Amino acid sequence: MFFGGLGQSLGGMSFEPDVHRVLHRHPFPNVGQGCVMEGMVLALEGRFEPFSQGRGFITPERVQEIETIAARHGSILRHCTTHKGLLKKSPARRKD
């Protein structure tokens, strides 16, 4: 199994009340679910909107926009990882 769809706060995360047990269910510090991270950076921008509007509705342009917004607030996309660390790419499969 792997962890995907995650974001990482480069400056750390703290919540009051502390909700890390709910949001942080993987072994990496300062990492949260992408949807939660998206909501946090949008709130920091004062943008209260359904940005990605659910699974399957996000466009490449919107991904680039949210990455730009997140970077302004010290957050980045987290690469896919396993409990042991970074997920290595598997060899490409032939399409015969």
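Things to note:
- Annotation: extensible slack from CYS80 through ASP18 equals 19.8 nm (criterion: 0.36 nm per residue apart, minus Cα-Cα distance).
- In terms of packing, defined here as the mean over residues of other Cβ atoms within 10 angstrom, the peptides 55-65, 30-40 line up highest first as 30-40, 55-65.
- Residue-wise HN-Hα coupling along the stretch 64-78, computed from phi with Karplus coefficients 6.51, -1.76, 1.60 (Hz; x: Gly, Pro): 4, 5, 5, 5, 5, 4, 4, 4, 4, 10, x, 10, 9, 5, 9
- Linear extension gain, LEU44 paired with VAL63, 0.36 nm per residue minus alpha-carbon span: 5.1 nm
We did not get these values from a lab; they are worked out from the coordinates using the rules stated. Small disclaimer: the values here were computed from a predicted structure and weren't measured. A quick note on method: Cβ atoms are made from the backbone with ideal geometry, for glycine too, and the neighbour counts reach across all protein chains shown.
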